[in-house]
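Following: one structure in structure tokens, then a few remarks.
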Amino acid sequence: MELTLSEDQELFGETTRRFLGARSPIAAVREFRYSPDGFERGSWREGAELGWTSLLVPEELGGGSVSGAGLLDLTIVADAFGRHVAPGPLLPVNVVAAAVARAGSEAQQREVLPGLLDGSTIAAWCVGAPTADGGIATGVSARAAAGGFVLDGVQEPVEAAAQADLLLVTARTDAGLAQFLVAPDARGVAIAPLESLDLTRRFARVELAGVQVPAAAAVGVVGAADADVERQLELALVIQAAESVGAAETVLDFTLEWAFDRYSFGRPLASYQEIKHRFADMKTWLEAGHAIAAAAARAVQHDAADAPEVVSVAAAYIGDYVVELVQDCVQMHGGIGVTYDHDIHLYLRRVTVNRVLHGTPADHRQRITTLQERAA
Amino acid sequence: MTSGAAAGATVDGGELESVESFRLRARDWLAANLEPGPPLGFYRSMSESEEVEFIARARALQRRLFDGGFAGICFPREYGGLGLTLAHLQAFNRETVGYEFPTILQVPTFSPCAAVLLEFGTEEQKRRHIPAMLKGDEIWMQFLSEPSGGSDVAGALTTAVRDGDEWVINGSKIWTSGAYFSDYGLCLVRTNWDVPKHRGLSVFIIEIRQPGLELQRIEMVNGSREFCQEFMTDLRVPDSCRVGEVDDGWTIGIRWMFHERNAMGGGSPYVAGPPTGGARDAVDPLLDLARRNGRIVEPVVRDLLGEARMLQRVHGELSRRIADGMALGAFPDNIAAVARLMTATSQVRRTTIATEIAGPAIAAAERGDPAFGLGTAFVNRQAACIGGGTTEMARNNISERVLGMPREITFDKNVPYRDVPKGPPAKS
């Protein structure tokens, strides 16, 4: 997170954290373990009323930001989601809303955005990971057919696909990438829920077998949507970065308290130099995580030329170091840290999922090098 | 060139110039007044006459900055600075990338030495020395470490004894980088052996070129002969060169080491020039190495290059966050140790990655090969974790002073320093 927020942003963050504290305390998060949806639609709509879904959509399309920089505002929500390991399709709904606002037709904007903005429509984004050559993978292909396009392929894992009222499918064509809005109940679409690591975020396999969509379902230019997809990837990585760092800060805080309270050999854990030095490293990784997450958000918000690189630097760094921070905090707890009863695994699950969605650290390191070669 | 040091300070002597306006003015001025090229930074292999020329060049460039109204951006105006903010300095620093810049004169002259003088010096000391530093006329060194102990700085054995209006100093200081081309040293000495360690220290300004001070250069594993050791024998210093109160030197020492760590972490408001660590490079220089030896096509090498670039960028962003946070008061000053630690760990890892990419050329290479010198850099790698305060001390600092964890147990509290063990007990 940024070091300084405007008064409005502070209030927005405070409101969000208070809401999550009341509606999604850790005990409630645990109860979603066996829930098929992993979140409660009523709460999600209330969150939408607080502004969680409108930040990446311009005012003239019904959205609006707190500070004029909507993505920076959204990182405040993502940070709070991390601190509370909160349930809800924050990433897919915001990315799809941004995609439709950016590249969708007027008709699409009219039909789709109101539901996304008020929380009544849940959306999923079917896409693969960034590739070593700087592109973005997809398991789905699109070919032109009479009056529209036919989609074939498989994508997994897709967040909230089984809960979604709307799919945004990124597909490849001979010319380049294309994106389509597809109804989950369209003929040829099969959505199979998967066992998800996170207690509340749900993932599914999406199979498309000869799915016919009209030309009007295309979001942006068919075969030339690569820049739109890149932008969506950047948004997704910024949200994940902020969420993971928020989660890690909470973990570090309660682990530090534990180190003061836990005595061994007549001394608190916090008095051992080995333990102190590991906390010093963890504090450094945390601050570095905040710094690069904030830099990534600023770069994407302001369309900086190096935004593709900075988001990958954030994903690679946070995926390795900030996740390792949480693992090290598990170690600090000893046996209790690997029990289901302790809360730390809830956070570890969340940051682990963020570590691998939209590219692993290794994927992003390869991408960084490709981007560097292009800049050279 | 524009005229006078104050030209960059304020518009009409009133409101502060905006950062953007300052940036644009700096951009134009730098383009018109500095040559493109690498910063005049730390050690390069050169003969003694080349060294003399190098330092003269650095002093001249510093003078040019001063005359142009771009020296001492965060220094108070009454001491020749511009009285501007950290944001102005950061904007200026980013503009200096790609220019020949007197980087070697920044640390330790401006931080920690000038920073310490600003906080603790007398009015006369500040007026005499700080403008001279900003003009490149005075280069300062820190006479801090001693051969008997590295991290235990307060365990200084070098002793000053009062003799009328003068002090007589005996002892030895070490790890002063570039004392042979410098003019003054800020020196921590023991003035009282009958009180506990931290309560018997004082700080003096010492002229380096004078009888009673003998200086030796130390050759490091990378061939650098920049570090020195000084031997002070009955060196006489007037009491007017004392900084702070007698026996209160540790109050200064704590701030001194903060300013040092802050400079090492890249967040000091007193250090100008291209950001270290290349965080602002558009392209990582390691990419060129992998291109030239052909290994850039290997996925493993591409992974390593990605990691190296990642560390470079994250280090840059962290340094900026830490500096901003301290300036805003959002962080305690001890947070500087966080940036210092990251500077070291990222540099260590990048050095190792360079070694991996260069492969056997580390063992032997022709001069001019892109890998030339990387083997030596690897052998010298740990210097990044030692100089400017070890990473162990940084970790102590973060855990104890930032996170509030318990202090390490020591055996030098509440006993006169002369009774503190300074070696193993004599064998019977």
For peptide A:306-313, compute the average count of partner chain beta-carbon atoms within 10 Å of each residue's beta-carbon. 3
Give me, ordered by chain and number, the residues 5 or more places off residue B:176 or on other chains with an amide H under 5 Å from its own placed amide H. B:228
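For chain B, count all C-alpha to C-alpha pairs, find those more than 41 Å apart, and express that count as a whole percent of the total. Each step should come with its number before you reach the end.
Details: 15766 of 91378 pairs.
For chain B, the fraction of Cα-Cα distances above 41 Å is 17 percent.
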Can you spot the lysines whose alpha carbon is less than 23 Å from residue B:173's alpha carbon? Ignore those fewer than 8 places along the same chain. B:197, B:422
Students often forget the sequence filter, so: which lysines lie under 21 Å Cα-Cα from residue B:126 once same-chain residues fewer than 8 apart are removed? B:135
Over all distinct alpha-carbon pairs, what is the Kirkwood Rh of the stretch B:282-428 in angstrom? 18.4 Å
Backbone HN-Hα couplings from phi across the stretch A:105-112 [Karplus 6.51/-1.76/1.60, Hz, Gly and Pro as x]: 6, 4, 4, 4, 4, 5, 7, 9
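Summarise the partner chain shielding of B:296-305 as one whole number: the mean count of Cβ atoms from other chains within 10 Å of each residue's Cβ.
Working: counts 3, 0, 0, 4, 0, 1, 10, 9, 2, 7.
Average neighbour count from other chains, rounded to a whole number: 4.
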Quick note on A:344, B:104, A:368, ordering by fewest other C-beta atoms within 10 Å, gives A:344, B:104, A:368
Looking only at chain B, where both bridge partners belong to it, what percent of the DSSP beta bridges are antiparallel (to the nearest 5)? 85 percent
Which whole-Hz couplings ³J(HN,Hα) result when phi for each residue of the stretch B:194-202 is put into the Karplus expression 6.51 cos²θ - 1.76 cosθ + 1.60, θ = phi - 60°, listed in order with x for Gly and Pro? 9, 10, x, 2, 6, 9, x, 10, 9
Relative contact order of the stretch A:142-199 (C-alpha contacts under 8 Å, at least 6 apart) in percent is 27 percent
Given a cut-off of 32 Å, what percent of all Cα-Cα pairs of chain A lie beyond it? 31 percent
Put one equal scatterer on each alpha carbon of the stretch A:12-73, apply the Debye formula with no solvent term, and list log10 I(q)/I(0) at q = 0.16, 0.18, 0.28 1/Å to two decimals. -0.61, -0.73, -1.15
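Exactly which GluC sites (Glu not before Pro) in the stretch B:237-328 are in a DSSP loop and have at most 16 other Cβ atoms within 10 Å?
Passing sites in the stretch B:237-328 are B:245.
With an 8 Å Cα cut-off and a minimum separation of 6 or more residues, compute the relative contact order for chain B in percent.
Values: 752 pairs, mean separation 60.8, N = 428.
With pairs under 8 Å counted, the relative contact order is 14 percent.
At a threshold of 8 angstrom on Cα-Cα distance, excluding pairs fewer than six apart, so keeping six or more, what relative contact order does chain A reach in percent?
In percent, rounded to a whole number, it is 18.
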Stokes-Einstein D (µm²/s) once Rh is taken as the Kirkwood radius of the protein assembly as shown over alpha-carbon pairs, at 25 °C in 0.890 mPa s: 84 µm²/s
Counted neighbours (other Cβ, 10 Å), sorted fewest up, put A:244, B:346, B:49 in the order B:49, B:346, A:244
Per-residue mean of C-beta atoms belonging to partner chains within 10 Å, peptide B:317-328: 5
Based on alpha-carbon centroids, what's the gap between the stretch B:330-374 and the stretch A:1-17 in Å, whole number please? 37 Å
P(r) for the stretch A:177-296: what percent of alpha-carbon pairs falls in each 5 Å bin, starting at zero? 2, 9, 11, 11, 13, 12, 10, 8, 7, 6, 5, 4, 2, 1, 0
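Only bridges with both residues in the stretch A:133-189 count here: give the DSSP antiparallel percent, nearest 5. Each step should come with its number before you reach the end.
Numbers: 12 of 13 bridges.
Around 90 percent antiparallel, to the nearest 5.
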Among DSSP bridges having both ends in the protein assembly as shown, what percentage is antiparallel? Round to the nearest 5. 85 percent
Output wanted: per-residue J couplings in Hz (rounded whole) for the stretch A:12-18, from phi through Karplus 6.51 cos²θ - 1.76 cosθ + 1.60, θ = phi - 60°, x for Gly and Pro. 4, x, 4, 4, 5, 5, 5
Could you let me know the centre-to-centre spacing of the stretch B:229-300 and the stretch B:87-123, using Cα atoms, in angstrom? 11 Å
Rounded to whole Å, give me the distance from the Cα center of the stretch B:309-323 to that of the stretch A:185-255. 29 Å
Ranking B:173, B:135, B:197, B:422 by Cβ neighbours within 10 Å, fewest first, what do you get? B:422, B:135, B:197, B:173
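Using packing as a proxy for protection, rank B:82-93, A:219-230 so that the peptide with the highest average count of other Cβ atoms within 10 Å comes first.
Values: B:82-93: 21.2, A:219-230: 19.4.
Per-residue mean Cβ counts within 10 Å order the peptides as B:82-93, A:219-230.
Every read-out reported here was derived from the displayed coordinates using simple, explicitly stated rules and does not represent laboratory data. All values reported here derive from a predicted model rather than from experimental measurement. Positions of Cβ are generated from backbone atoms using ideal geometry, with glycine treated the same way; all protein chains shown enter the neighbour counts.
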